[in-house]
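Bear in mind these aren't lab numbers, they're just calculated from the coordinates by the rules spelled out. In this text, all values refer to a predicted model and were calculated from it rather than measured experimentally. FYI the Cβ positions are ideal-geometry reconstructions off the backbone, even for glycines, and counts take in every protein chain you see.
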């Protein structure tokens, strides 16, 4: 199952893809689903997947719409938390001159840094060093605390693509990465959530790529995580309660722009694509602030 958030009459609405080829969707508002305007509220319903399965089976003709022309919004426009993992691939740690970590590094993103599939990613006035990072996003579907490795994946609703756009000079102005990771409209999220039953446990073994203007610059696999999804969830839940709609961004493989010789940074007019096997392609064109 694949669900996404789009703009309808100036407000969020949730769509349900009819088929993986993404030609048509079911407008959940027209289909009469109560929690059709808020992804967090939808994921907070214990029976949400059963309810949407029933709608798929009903095939409500008046609610079936073509995908062409819709305006995507970030998959979860209002997550309570966006938790990011740094240096989660050995090759990426090495290319940046870092030691292989014994414990994952974490940082947070804020909602105002997010943008959607097919929307412009903004190169800020303050810097020309906007870098791409292809990442697997984990979307939480159940409240959870003090998870174990055995039950950690129970709280996952599904997975998506994320471009953790990073303003590299600001990332390195201090010992914390917060500023460089939170410029407005630099964290792209989508296009849709793929439910966990359609993917390997923990999103393991999925090819992940970043392409800039058609050139493959990152080409990795989630099987190469230093800290897999269940380990990350276990550690995070030692500290904080995970809630429906929370998002975990799991780190990026080697090939980022700043580590290249010469460095490659995104500029206005560039097209960046993040593709994850069995999930889809997240596409953004760069624009100047």
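Ranking request for peptides 221-233, 159-171, 51-63, 4-16: highest mean number of other beta-carbon atoms within 10 Å first, then the rest in descending order. Before the final figure, lay out the partial values.
Numbers: 221-233: 20.5, 159-171: 24.3, 51-63: 13.4, 4-16: 18.3.
With the highest mean Cβ count within 10 Å placed first, the list reads 159-171, 221-233, 4-16, 51-63.
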Order of 265-276, 249-260, 175-186 by packing, highest average Cβ count within 10 Å first? 249-260, 265-276, 175-186
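As an exercise, use a Förster radius of 41 Å and the Cβ-Cβ distance of residue 125 and residue 24 to find the FRET efficiency, rounded to the nearest 0.05.
Numbers: r = 40 Å, r/R0 = 0.98.
Result of the calculation: an efficiency of 0.55.
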Would you give the gap between the C-alpha center of region 29-70 and the C-alpha center of region 267-289, rounded to a whole Å? 27 Å
Highest-first arrangement of 99-111, 30-42, where packing means the average Cβ count within 10 Å: 30-42, 99-111
Distance from the Cα centre of region 111-177 to that of region 249-263, in angstrom? 15 Å
From Cα pairs below 8 angstrom and at least 6 apart in sequence, can you work out the relative contact order of the chain, rounded to a whole percent? 24 percent
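Kindly provide the helix-only [θ] at 222 nm of the chain, computed as the sum of -39,500 (n - 2.57) over DSSP H runs of four or more divided by all residues, to the nearest 500 deg cm²/dmol?
Working: 5 runs with 37 residues, N = 289.
Counting only the DSSP helices, I get -3500 deg cm²/dmol.
Please give the contour-minus-distance gain from residue 204 to residue 146: 0.36 nm per residue of separation, less the Cα-Cα distance, rounded to one decimal in nm. Walk me through the numbers on the way to the answer.
Values: separation 58, 0.36 × 58 = 20.88 nm, distance 2.22 nm.
Once the chain is fully extended between residue 204 and residue 146, it gains 18.7 nm.
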Considering Cα pairs under 8 angstrom that are at least six residues apart, work out the relative contact order of region 2-66 and quote it in whole percent. 30 percent
Ranked by GNM mean-square fluctuation in the chain (Cα springs under 10 Å), the top entry among 156, 247, 236 is 236
For the chain, longest principal axis from Cα atoms; helix 229-239 axis from its Cα atoms; angle between them, nearest 10 degrees, is 90 degrees
Gained length - residue 103 relative to residue 37, 0.36 nm times residue gap less alpha-carbon distance: 20.0 nm
